[in-house]
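Data first, discussion second: the structure below is written as C-alpha coordinates.
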Number of protein chains: 2
Amino acid sequence: MDLIRTQGRRITRQRRLVLETLRDSQEHLDAYALFERVKVRDSKISLATVYRSLALLKESGLVQENRLGEDHGHFEATQATPHYHFTCLGCGCVIEFEAPQVMEVVATLCSGQALQVTGVNLHLSGYCADCHAPGQDGGCG
Amino acid sequence: MDLIRTQGRRITRQRRLVLETLRDSQEHLDAYALFERVKVRDSKISLATVYRSLALLKESGLVQENRLGEDHGHFEATQATPHYHFTCLGCGCVIEFEAPQVMEVVATLCSGQALQVTGVNLHLSGYCADCHAPGQDGGCG
DNA sequence: AGTTTTATTGCGAATAATACTCATTATCAA
DNA sequence: TTGATAATGAGTATTATTCGCAATAAAACT
(Lines give C-alpha, C1' and ligand atoms only; values in the text may rest on other atoms or scores of the structure.)
Protein backbone atom coordinates (compact mmCIF):
# COMPACT_ATOMS: atom_id res chain seq x y z
CA MET A 1 0.00 0.00 0.00
CA ASP A 2 2.98 2.27 0.54
CA LEU A 3 3.68 2.53 -3.15
CA ILE A 4 0.62 4.71 -3.38
CA ARG A 5 2.54 7.41 -1.62
CA THR A 6 4.35 8.35 -4.81
CA GLN A 7 3.67 11.49 -6.76
CA GLY A 8 2.30 13.20 -3.70
CA ARG A 9 -0.52 10.74 -3.25
CA ARG A 10 -1.87 10.11 0.20
CA ILE A 11 -2.94 7.07 2.13
CA THR A 12 -6.31 7.88 3.56
CA ARG A 13 -8.61 6.09 5.93
CA GLN A 14 -11.06 5.55 3.08
CA ARG A 15 -8.52 4.02 0.73
CA ARG A 16 -7.25 1.69 3.41
CA LEU A 17 -10.81 0.71 4.18
CA VAL A 18 -11.67 -0.04 0.57
CA LEU A 19 -8.63 -2.27 0.17
CA GLU A 20 -9.16 -4.06 3.48
CA THR A 21 -12.80 -4.70 2.77
CA LEU A 22 -11.94 -6.12 -0.61
CA ARG A 23 -9.28 -8.35 0.90
CA ASP A 24 -11.60 -9.61 3.61
CA SER A 25 -14.37 -10.60 1.24
CA GLN A 26 -13.45 -13.41 -1.09
CA GLU A 27 -16.25 -12.52 -3.50
CA HIS A 28 -16.36 -10.49 -6.67
CA LEU A 29 -17.96 -7.34 -5.40
CA ASP A 30 -19.14 -4.62 -7.70
CA ALA A 31 -18.65 -0.99 -6.78
CA TYR A 32 -22.02 -0.61 -5.13
CA ALA A 33 -21.82 -3.81 -3.08
CA LEU A 34 -18.38 -2.77 -1.93
CA PHE A 35 -19.72 0.66 -1.05
CA GLU A 36 -22.39 -0.90 1.15
CA ARG A 37 -19.86 -3.04 2.98
CA VAL A 38 -17.47 -0.18 3.50
CA LYS A 39 -20.31 1.96 4.77
CA VAL A 40 -20.74 -0.38 7.70
CA ARG A 41 -17.36 0.71 8.97
CA ASP A 42 -17.53 4.31 7.78
CA SER A 43 -21.09 5.50 7.43
CA LYS A 44 -20.00 8.81 5.91
CA ILE A 45 -18.06 7.43 2.96
CA SER A 46 -19.45 8.26 -0.44
CA LEU A 47 -19.83 6.11 -3.52
CA ALA A 48 -17.65 8.53 -5.45
CA THR A 49 -14.81 7.90 -3.05
CA VAL A 50 -15.18 4.17 -3.51
CA TYR A 51 -14.89 4.62 -7.26
CA ARG A 52 -11.93 6.95 -6.87
CA SER A 53 -10.18 4.59 -4.47
CA LEU A 54 -10.73 1.64 -6.77
CA ALA A 55 -9.26 3.56 -9.68
CA LEU A 56 -6.20 4.40 -7.63
CA LEU A 57 -5.75 0.89 -6.27
CA LYS A 58 -6.09 -0.50 -9.76
CA GLU A 59 -3.40 1.85 -11.01
CA SER A 60 -1.03 0.66 -8.33
CA GLY A 61 -1.85 -2.97 -9.06
CA LEU A 62 -3.32 -3.74 -5.66
CA VAL A 63 -6.79 -4.29 -7.05
CA GLN A 64 -8.06 -5.81 -10.25
CA GLU A 65 -11.26 -5.18 -12.12
CA ASN A 66 -13.03 -7.99 -13.91
CA ARG A 67 -15.77 -7.73 -16.48
CA LEU A 68 -17.88 -10.80 -15.85
CA GLY A 69 -20.34 -10.36 -18.67
CA GLU A 70 -22.41 -7.73 -16.95
CA ASP A 71 -22.51 -4.04 -17.68
CA HIS A 72 -20.47 -3.13 -14.65
CA GLY A 73 -17.14 -4.06 -13.17
CA HIS A 74 -16.34 -6.47 -10.35
CA PHE A 75 -13.34 -5.97 -8.14
CA GLU A 76 -10.98 -8.13 -6.17
CA ALA A 77 -7.72 -7.68 -4.31
CA THR A 78 -4.77 -8.84 -6.36
CA GLN A 79 -3.57 -12.28 -5.31
CA ALA A 80 -0.22 -13.98 -5.47
CA THR A 81 -1.06 -16.41 -8.25
CA PRO A 82 -3.13 -15.12 -11.15
CA HIS A 83 -6.47 -16.73 -11.77
CA TYR A 84 -9.30 -16.36 -14.24
CA HIS A 85 -13.07 -16.54 -14.31
CA PHE A 86 -15.91 -18.51 -15.81
CA THR A 87 -19.44 -17.15 -15.63
CA CYS A 88 -22.46 -19.40 -16.01
CA LEU A 89 -25.07 -17.87 -18.29
CA GLY A 90 -27.70 -20.00 -16.59
CA CYS A 91 -27.37 -19.41 -12.87
CA GLY A 92 -24.82 -16.60 -12.94
CA CYS A 93 -22.34 -18.39 -10.72
CA VAL A 94 -18.67 -17.50 -11.11
CA ILE A 95 -15.99 -20.18 -11.06
CA GLU A 96 -12.35 -19.28 -10.59
CA PHE A 97 -9.60 -21.32 -12.14
CA GLU A 98 -5.86 -21.21 -12.57
CA ALA A 99 -4.19 -21.75 -15.92
CA PRO A 100 -0.42 -21.31 -16.09
CA GLN A 101 -0.57 -21.72 -19.86
CA VAL A 102 -2.06 -18.27 -20.09
CA MET A 103 1.04 -16.62 -18.73
CA GLU A 104 3.10 -18.67 -21.16
CA VAL A 105 1.09 -17.20 -24.00
CA VAL A 106 1.73 -13.78 -22.58
CA ALA A 107 5.46 -14.44 -22.29
CA THR A 108 5.62 -15.55 -25.89
CA LEU A 109 3.88 -12.42 -27.05
CA CYS A 110 6.07 -10.21 -24.93
CA SER A 111 9.27 -11.45 -26.50
CA GLY A 112 7.88 -11.94 -29.99
CA GLN A 113 6.24 -8.54 -30.42
CA ALA A 114 8.13 -6.45 -27.87
CA LEU A 115 4.99 -5.86 -25.86
CA GLN A 116 4.97 -5.06 -22.17
CA VAL A 117 1.92 -6.70 -20.67
CA THR A 118 0.64 -5.29 -17.39
CA GLY A 119 -2.88 -6.71 -17.33
CA VAL A 120 -4.21 -10.14 -18.25
CA ASN A 121 -7.90 -10.82 -18.32
CA LEU A 122 -9.35 -14.15 -19.39
CA HIS A 123 -13.07 -14.56 -19.09
CA LEU A 124 -15.02 -17.62 -20.13
CA SER A 125 -18.77 -17.88 -20.28
CA GLY A 126 -21.12 -20.78 -20.82
CA TYR A 127 -23.04 -23.23 -18.68
CA CYS A 128 -21.95 -24.88 -15.48
CA ALA A 129 -22.50 -28.53 -14.62
CA ASP A 130 -25.88 -27.78 -13.06
CA CYS A 131 -27.18 -25.69 -15.95
CA HIS A 132 -27.57 -27.22 -19.36
CA ALA A 133 -27.46 -25.14 -22.51
CA PRO A 134 -30.80 -24.74 -24.25
CA GLY A 135 -31.17 -27.40 -26.91
CA GLN A 136 -27.84 -29.07 -26.30
CA ASP A 137 -26.70 -31.90 -24.13
CA GLY A 138 -23.31 -30.79 -22.99
CA GLY A 139 -19.97 -30.67 -24.68
CA CYS A 140 -17.47 -27.98 -25.28
CA GLY A 141 -17.56 -24.97 -27.49
CA MET B 1 -27.71 -15.57 -40.92
CA ASP B 2 -30.61 -17.95 -41.53
CA LEU B 3 -30.36 -19.41 -38.07
CA ILE B 4 -31.83 -16.17 -36.83
CA ARG B 5 -35.12 -17.23 -38.32
CA THR B 6 -35.85 -19.50 -35.39
CA GLN B 7 -38.43 -18.75 -32.74
CA GLY B 8 -40.32 -16.50 -35.09
CA ARG B 9 -37.48 -14.09 -35.51
CA ARG B 10 -37.19 -12.15 -38.71
CA ILE B 11 -34.35 -11.20 -40.98
CA THR B 12 -34.72 -7.51 -41.59
CA ARG B 13 -32.92 -5.09 -43.83
CA GLN B 14 -31.45 -3.40 -40.77
CA ARG B 15 -30.07 -6.59 -39.28
CA ARG B 16 -28.54 -7.62 -42.56
CA LEU B 17 -27.01 -4.19 -42.87
CA VAL B 18 -25.49 -4.24 -39.40
CA LEU B 19 -23.87 -7.61 -40.00
CA GLU B 20 -22.60 -6.69 -43.46
CA THR B 21 -21.14 -3.43 -42.28
CA LEU B 22 -19.38 -5.20 -39.47
CA ARG B 23 -17.99 -7.81 -41.85
CA ASP B 24 -16.78 -5.19 -44.29
CA SER B 25 -14.88 -3.21 -41.72
CA GLN B 26 -11.95 -5.02 -40.23
CA GLU B 27 -11.84 -2.70 -37.24
CA HIS B 28 -13.23 -2.92 -33.74
CA LEU B 29 -16.17 -0.61 -34.03
CA ASP B 30 -18.16 0.49 -31.06
CA ALA B 31 -21.91 0.79 -31.29
CA TYR B 32 -21.91 4.43 -32.22
CA ALA B 33 -19.20 4.16 -34.88
CA LEU B 34 -21.09 1.25 -36.38
CA PHE B 35 -24.27 3.30 -36.27
CA GLU B 36 -22.63 6.08 -38.25
CA ARG B 37 -21.37 3.68 -40.90
CA VAL B 38 -24.70 1.94 -41.22
CA LYS B 39 -26.44 5.29 -41.50
CA VAL B 40 -24.58 5.95 -44.74
CA ARG B 41 -26.53 3.13 -46.33
CA ASP B 42 -29.77 3.62 -44.38
CA SER B 43 -30.15 7.17 -43.20
CA LYS B 44 -33.29 6.32 -41.24
CA ILE B 45 -31.84 3.61 -39.02
CA SER B 46 -31.76 4.38 -35.32
CA LEU B 47 -29.08 3.75 -32.74
CA ALA B 48 -31.50 1.63 -30.75
CA THR B 49 -31.90 -0.69 -33.70
CA VAL B 50 -28.15 -1.04 -34.00
CA TYR B 51 -27.98 -2.05 -30.34
CA ARG B 52 -30.87 -4.45 -30.74
CA SER B 53 -29.38 -6.00 -33.86
CA LEU B 54 -26.04 -6.43 -32.17
CA ALA B 55 -27.68 -8.15 -29.22
CA LEU B 56 -29.45 -10.54 -31.56
CA LEU B 57 -26.39 -11.25 -33.67
CA LYS B 58 -24.39 -11.89 -30.54
CA GLU B 59 -26.99 -14.38 -29.33
CA SER B 60 -26.74 -16.28 -32.57
CA GLY B 61 -22.96 -16.23 -32.46
CA LEU B 62 -22.49 -14.18 -35.64
CA VAL B 63 -21.04 -11.25 -33.78
CA GLN B 64 -18.79 -10.93 -30.79
CA GLU B 65 -18.45 -8.14 -28.30
CA ASN B 66 -15.09 -7.23 -26.83
CA ARG B 67 -14.36 -5.07 -23.85
CA LEU B 68 -11.09 -3.42 -24.70
CA GLY B 69 -10.56 -1.58 -21.47
CA GLU B 70 -12.94 1.24 -22.22
CA ASP B 71 -16.36 1.78 -20.75
CA HIS B 72 -18.17 0.57 -23.84
CA GLY B 73 -18.20 -2.48 -26.04
CA HIS B 74 -16.50 -3.05 -29.38
CA PHE B 75 -17.93 -5.40 -31.93
CA GLU B 76 -16.65 -7.62 -34.69
CA ALA B 77 -18.05 -10.29 -36.96
CA THR B 78 -17.16 -13.76 -35.75
CA GLN B 79 -14.24 -15.22 -37.66
CA ALA B 80 -13.22 -18.76 -38.45
CA THR B 81 -10.23 -18.89 -36.12
CA PRO B 82 -10.55 -17.33 -32.70
CA HIS B 83 -8.25 -14.47 -31.85
CA TYR B 84 -7.63 -12.22 -28.89
CA HIS B 85 -6.72 -8.62 -28.19
CA PHE B 86 -4.02 -6.51 -26.65
CA THR B 87 -4.69 -2.86 -25.90
CA CYS B 88 -1.88 -0.36 -25.46
CA LEU B 89 -2.45 1.89 -22.49
CA GLY B 90 -0.18 4.48 -24.08
CA CYS B 91 -1.47 5.05 -27.61
CA GLY B 92 -4.65 3.00 -27.42
CA CYS B 93 -3.79 0.81 -30.36
CA VAL B 94 -5.28 -2.68 -30.47
CA ILE B 95 -3.22 -5.66 -31.56
CA GLU B 96 -4.85 -8.93 -32.46
CA PHE B 97 -3.14 -12.24 -31.91
CA GLU B 98 -3.89 -15.91 -32.14
CA ALA B 99 -3.10 -18.33 -29.34
CA PRO B 100 -4.20 -21.94 -29.77
CA GLN B 101 -3.10 -22.64 -26.20
CA VAL B 102 -6.12 -20.74 -24.97
CA MET B 103 -8.54 -23.21 -26.48
CA GLU B 104 -6.51 -26.02 -24.94
CA VAL B 105 -7.02 -24.48 -21.53
CA VAL B 106 -10.72 -24.28 -22.30
CA ALA B 107 -10.84 -27.91 -23.39
CA THR B 108 -9.14 -29.00 -20.18
CA LEU B 109 -11.63 -27.11 -18.09
CA CYS B 110 -14.57 -28.44 -20.04
CA SER B 111 -13.68 -32.04 -19.37
CA GLY B 112 -12.33 -31.52 -15.88
CA GLN B 113 -15.20 -29.53 -14.43
CA ALA B 114 -18.05 -30.48 -16.76
CA LEU B 115 -18.39 -26.94 -18.02
CA GLN B 116 -19.81 -26.01 -21.37
CA VAL B 117 -17.91 -22.99 -22.64
CA THR B 118 -19.62 -20.85 -25.26
CA GLY B 119 -17.60 -17.67 -25.01
CA VAL B 120 -13.87 -17.07 -24.62
CA ASN B 121 -12.49 -13.64 -24.05
CA LEU B 122 -8.83 -12.94 -23.47
CA HIS B 123 -7.78 -9.35 -23.18
CA LEU B 124 -4.28 -8.15 -22.48
CA SER B 125 -3.28 -4.61 -21.72
CA GLY B 126 0.05 -2.89 -21.36
CA TYR B 127 2.40 -0.96 -23.59
CA CYS B 128 3.23 -1.58 -27.22
CA ALA B 129 6.72 -1.41 -28.70
CA ASP B 130 6.36 2.29 -29.46
CA CYS B 131 5.10 3.26 -26.01
CA HIS B 132 7.27 2.71 -22.97
CA ALA B 133 5.80 2.22 -19.56
CA PRO B 134 6.35 5.09 -17.17
CA GLY B 135 9.46 4.46 -15.13
CA GLN B 136 10.32 1.11 -16.67
CA ASP B 137 12.43 0.06 -19.57
CA GLY B 138 10.51 -2.81 -21.01
CA GLY B 139 10.04 -6.36 -19.93
CA CYS B 140 7.03 -8.48 -19.28
CA GLY B 141 4.58 -8.50 -16.49
C1' DA C 1 -51.13 -10.34 -55.24
C1' DG C 2 -53.84 -9.04 -51.07
C1' DT C 3 -54.67 -9.66 -46.21
C1' DT C 4 -53.49 -10.71 -41.62
C1' DT C 5 -50.47 -11.48 -37.76
C1' DT C 6 -47.11 -9.90 -34.97
C1' DA C 7 -42.02 -9.05 -34.74
C1' DT C 8 -39.42 -5.00 -35.49
C1' DT C 9 -38.50 -0.22 -36.03
C1' DG C 10 -37.73 4.81 -34.86
C1' DC C 11 -38.11 8.10 -31.74
C1' DG C 12 -37.69 10.04 -27.41
C1' DA C 13 -37.54 9.23 -22.71
C1' DA C 14 -35.61 6.29 -18.96
C1' DT C 15 -31.96 3.89 -16.59
C1' DA C 16 -27.52 2.57 -14.80
C1' DA C 17 -22.66 2.93 -14.19
C1' DT C 18 -19.26 5.97 -13.58
C1' DA C 19 -17.00 10.65 -13.66
C1' DC C 20 -16.97 15.52 -12.49
C1' DT C 21 -17.52 20.08 -9.56
C1' DC C 22 -16.53 22.51 -5.76
C1' DA C 23 -16.62 23.89 -1.05
C1' DT C 24 -14.85 21.58 3.04
C1' DT C 25 -11.72 18.41 5.41
C1' DA C 26 -7.66 15.75 6.36
C1' DT C 27 -2.89 14.10 5.21
C1' DC C 28 1.78 14.89 5.29
C1' DA C 29 6.08 17.67 5.22
C1' DA C 30 8.53 21.22 7.33
C1' DT D 1 1.68 22.82 14.81
C1' DT D 2 0.92 24.63 10.82
C1' DG D 3 0.56 25.42 5.94
C1' DA D 4 0.05 23.58 1.29
C1' DT D 5 -2.70 20.86 -1.22
C1' DA D 6 -4.63 16.16 -2.11
C1' DA D 7 -8.87 13.89 -1.05
C1' DT D 8 -13.62 13.73 0.43
C1' DG D 9 -18.90 14.14 0.33
C1' DA D 10 -22.87 15.44 -1.87
C1' DG D 11 -24.94 16.45 -5.67
C1' DT D 12 -24.96 16.94 -10.54
C1' DA D 13 -23.38 15.59 -15.20
C1' DT D 14 -22.16 12.37 -18.67
C1' DT D 15 -22.13 8.28 -21.32
C1' DA D 16 -23.55 3.77 -22.73
C1' DT D 17 -27.35 1.18 -23.22
C1' DT D 18 -32.30 -0.09 -22.73
C1' DC D 19 -37.32 0.70 -22.71
C1' DG D 20 -42.23 2.15 -24.14
C1' DC D 21 -45.14 2.74 -27.66
C1' DA D 22 -47.32 3.98 -31.99
C1' DA D 23 -46.15 3.06 -36.77
C1' DT D 24 -44.09 -0.20 -40.08
C1' DA D 25 -42.82 -4.29 -42.46
C1' DA D 26 -41.62 -9.50 -42.70
C1' DA D 27 -43.60 -13.81 -43.11
C1' DA D 28 -47.72 -16.83 -43.23
C1' DC D 29 -51.94 -17.65 -45.32
C1' DT D 30 -55.17 -17.09 -48.52
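Average accessible surface for the protein assembly as shown: 55 Å² per residue, computed with a 1.4 Å probe over protein heavy atoms with every protein chain in place. If you average 1/r over all unlike Cα pairs in region B:1-79 and invert the result, what Kirkwood radius do you get in angstrom? One decimal place: 12.6 Å for the Kirkwood radius.
Between B:H72 and B:R10, what is 0.36 nm times their sequence separation minus the Cα-Cα distance? Round to one decimal in nm.
19.6 nm
Across region B:82-94, computed HN-Hα scalar couplings (Karplus, 6.51 cos²θ - 1.76 cosθ + 1.60, θ = phi - 60°) run x, 9, 10, 10, 10, 10, 7, 6, x, 9, x, 5, 10 Hz from first to last residue, x flagging Gly and Pro. Comment: the Cα-to-Cβ extended label point of B:Q113, at 7 Å, lies 2.7 nm from its counterparts in the other copies, nearest first. Taken about its Cα centre, chain A carries a charge dipole of about 1040 debye when Lys and Arg each add +1 at the Cβ and Asp and Glu each add -1 at the Cβ. Positive contributions from Lys and Arg (+1) and negative ones from Asp and Glu (-1), summed over other residues with Cβ under 14 Å from the Cβ of A:G69, come out at -3. Taking the Cα centre of region B:1-79 as the origin and placing charges on Cβ (Lys, Arg +1; Asp, Glu -1), which of B:I11, B:S46, B:S60 is farthest toward the positive end of the dipole? Farthest towards the positive end: B:I11.
Over all distinct Cα-Cα pairs of the protein assembly as shown, the Kirkwood formula returns a hydrodynamic radius of 20.9 Å. Normalised by 2.2 N^0.38 Å, where N counts its residues, the alpha-carbon radius of gyration of region A:37-141 equals 1.35. Accessible area buried by the pairing of A and B, both sides summed with a 1.4 Å probe, works out to roughly 3000 Å².
What is the sum of charges, Lys and Arg at +1 and Asp and Glu at -1, for the other residues whose Cβ falls under 13 Å from the Cβ of B:D30? Every neighbour counted, the sum reads -4.
Can you tell me the convex hull volume per residue for region B:82-141, based on C-alpha atoms, in Å³ to the nearest whole number?
Residue-normalised Cα hull volume stands at 101 Å³.
The accessible surface of region A:1-102, taken with every protein chain in place and a 1.4 Å probe, is 48 percent carbon and sulfur. Counted over chain A, the DSSP beta bridges are approximately 75% antiparallel. Here the protein assembly as shown carries DSSP beta bridges of which approximately 80% are antiparallel, counting only pairs with both residues inside. Ranked from shortest, the separations from the 7 Å Cα-to-Cβ label point of A:H132 to its equivalents in the other copies are 5.9 nm.
Computed from the C-beta positions of B:S43 and A:A55 and an R0 of 41 Å, the FRET efficiency is 0.55 to the nearest 0.05.
So how do A:S60, A:S53 rank on accessible area, 1.4 Å probe, biggest first, that is with the largest at the start?
Solvent-accessible surface, decreasing: A:S60, A:S53.
Under 5 Å from the amide H of A:H123 lie the amide H atoms of B:N121, B:L122, B:H123, each residue being 5 or more positions distant or on a separate chain, with H modelled from the backbone and absent for Pro and chain starts.
Summary for B:T78: label point 7 Å along Cα→Cβ; distances to the equivalent points in the other copies, ascending, 3.6 nm. Summarising the amide proton neighbourhood of A:D30: residues at separation of 5 or more, or on other chains, whose placed amide H is nearer than 5 Å comprise A:F75. Springs between alpha-carbon atoms under 10 Å, Gaussian network over chain A: tell me which of A:L124, A:L68, A:L115 tops the mean-square fluctuations. Highest fluctuation of the listed residues: A:L115.
The values are calculated or read from the model by the stated rules, or taken from the named source; none is laboratory data. Remember, it's a predicted structure, so these values are computed and weren't measured experimentally. Positions of Cβ are generated from backbone atoms using ideal geometry, with glycine treated the same way; all protein chains shown enter the neighbour counts. Remember, those area values only see protein heavy atoms, side chains included, never the ligands or the DNA or RNA. Shrake-Rupley method; radii C 1.70, N 1.55, O 1.52, S 1.80 Å.
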